[in-house]
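The values are calculated or read from the model by the stated rules, or taken from the named source; none is laboratory data. Because the structure is a prediction, the values reported are computed rather than measured. Here the Cβ positions follow ideal geometry from the backbone for every residue, glycine too, while neighbour counts run over all protein chains shown.
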Amino acid sequence: MTVTGELTQLSAAFAIDGDLVAIAPFGNGHINDTYVATYVRAGQSVRYLHQRINHRVFADPAQVMANVSRVTAHLRGKRAGKEDRYALEVIPTRSGAVLLRTETGNFWRTYRFIEGTHCREVIATPEQAYQAARAFGRFQSDLADLPARTLAETIPDFHNTPRRWDALQHVLARRPTRANRARAEIAQGQARRGLVHPLAHLHARGRVPRRIVHNDCKISNVLFDAAGDEAVCVIDLDTVMPGLSLHDFGDLVRTMTCFAPEDAIDPRSVVLEISLFDAVVQGYLEAARALLDKTELAALICAAETIIYEQGLRFLTDYLAGDAYYRTTRTEQNLDRCRTQFALLASIDQQRDALRRCVDAHVNGVHAVP
Ligand code: ADP
Ligand code: GN1
Ligand code: MG
């Protein structure tokens, strides 16, 4: 059955009253297939989001939805009646399931569409960076009392940087034809090998606590109020599972400290802006500081570098493997994405002292004006 055929099944399957009048692809996620659907009920339009879970990436979609249900219920309980757009709301099927498996073996879920919001692919102002970082920090701290064992590991070794390094070596050993085009990036990946282990060692030795974290804190995974810069809802909960707070902080820096898009064609446009970095640190610590221990606070910059590097390795590996994982819309997109990550690392190299001063000032409670 075609996707269009499946889409018409959804309106009958999910517990939505009203007639389906429009459905269209939505958003720019790299992993799932997302559609916005408009239903009309008693003359009123209501929108829902139907999502096909990528089951090549998430081997057990039922496990993903069990996690999502626990997390959304917990978040809702924290802010019941106060902020109605704070957490995603799962819409069940007519038989009460949170997941629909179609005859073709695809897995679909439905969320209420969060109206009056928009998603950003890039940061435009320090205020937005502050808001988004605070929202992800608040997300971590609101989940701190949910026992880690209640959530399954939906993708094993997700932020295991040594495993990501091994995956690159594995694809290189197959002598991929694209390796020629990526010679410079392969060399950069090798040159920064020193970033493979430090965070993984802290983790393996139990020096930093495992917490429930988001694991994919990129700018497009938080919805902003349409009328201003307020970050209202953290979305994309498929990878919420036990991990390190530092992994989340790393992704904040990776995606919110630079004005250029993740797939910028000219890596010279990729510059870490200290004013954005300062806003990220401020927003994140404002919401999560009480949670963090000394070792976590001391490792913030190391975490940022590790996650940016890891993401560079992941994009490079996928480019060499023929774009098997991330959605692409042009041939060199994964290579461009890899370049931006390595360019961001180079920009960190040039400003390391300023970043250190900024983190220290926030950690020690002395506000830095960069
Ligand atoms: P992916 O895993 O593919 O990144 P996401 O869950 O992040 O998928 O969703 C893709 C996009 O859909 C988001 O970036 C956002 O623009 C939009 N989106 C997701 N959930 C909602 C929602 N409940 N309401 C409004 N927009 C949403
Ligand atoms: C993917 O699903 P999305 O687009 O929000 C990926 C993240 C990467 C990100 C890079 C499950 O996130 O890990 O950091 O792309 N998600 C998964 O943009 O692999
Ligand atoms: Mg997403």
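The C-beta contact set for the stretch 44-58 (first residue within 14 Å of G116 (Cβ to Cβ) and among the basic types (K, R), second residue more than 10 Å from ligand 2 (Cβ to nearest atom) and not in a strand (DSSP E or B), distance under 8 angstrom, 6+ apart or interchain) comprises R47/F113; R47/E115. Looking only at residues in the stretch 21-38 that are under 27 Å from the mean Cα position of the chain (by Cα) and more than 16 Å from ligand 2 (Cβ to nearest atom), the one that is farthest from T102 (Cα to Cα) is T38. Selection of the stretch 264-278 for residues being in a loop (DSSP other than H, G, I, E, B) and without any contact (Cβ under 8 Å) to a residue 12 or more places away in the chain yields only D266.
Here is a yes/no grid of residues against (1) assigned to a helix (DSSP H, G or I); (2) crowded, with 16+ Cβ neighbours inside 10 Å:
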{"site": "S45", "(1), (2)": "no, no"}
{"site": "R52", "(1), (2)": "no, yes"}
{"site": "V71", "(1), (2)": "yes, yes"}
{"site": "G81", "(1), (2)": "no, no"}
{"site": "Y86", "(1), (2)": "no, yes"}
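When T34 is tested against (1) at pLDDT 95 or above; (2) surrounded by 19 or more Cβ atoms within 10 Å (Cβ to Cβ); (3) outside any loop (DSSP other than H, G, I, E, B), exactly one condition is not met: (2).
Quick one: would you say G18 is free of Cβ contacts under 8 Å to residues at least 12 places away in the same chain, more than 14 Å from ligand 1 (Cβ to nearest atom), over 18 Å from the mean Cα position of the chain (by Cα) and over 30 Å from P147 (Cβ atoms)? No.
Restricted to the stretch 154-174, and to residues there that are aliphatic (A, V, I, L, M), surrounded by 15 or more Cβ atoms within 10 Å (Cβ to Cβ) and more than 16 Å from ligand 1 (Cβ to nearest atom), the residue that is farthest from I53 (Cα to Cα) is L172. Across the stretch 202-219, the number of residues qualifying as more than 16 Å from ligand 2 (Cβ to nearest atom) and either under 15 Å from R149 (Cα atoms) or not hydrophobic (A, V, I, L, M, F, W, C) (or both) comes to 8. Restricted to the stretch 328-370, and to residues there that are of a type in the set (G, A, S) and either in contact with a His (Cβ under 8 Å, 6 or more places away or on another chain) or part of a loop (DSSP other than H, G, I, E, B) (or both), the residue that is surrounded by the fewest Cβ atoms within 10 Å (Cβ to Cβ) is G365. In the stretch 326-341, the count of residues that are out of contact with any helix residue (DSSP H, G or I) (no Cβ under 8 Å at 6 or more places or on another chain) and aliphatic (A, V, I, L, M) is zero.
The residue pairs whose first member lies in the stretch 91-116 and is farther than 14 Å from A12 by Cβ, whose second member is part of a loop (DSSP other than H, G, I, E, B) and modelled with pLDDT under 95, and whose beta carbons are closer than 7 Å, counting only pairs six or more residues apart or on different chains, are T104/M1; I114/R85.
Among the criteria (1) at pLDDT below 95; (2) under 20 Å from the mean Cα position of the chain (by Cα), the one R41 does not fulfil is (2).
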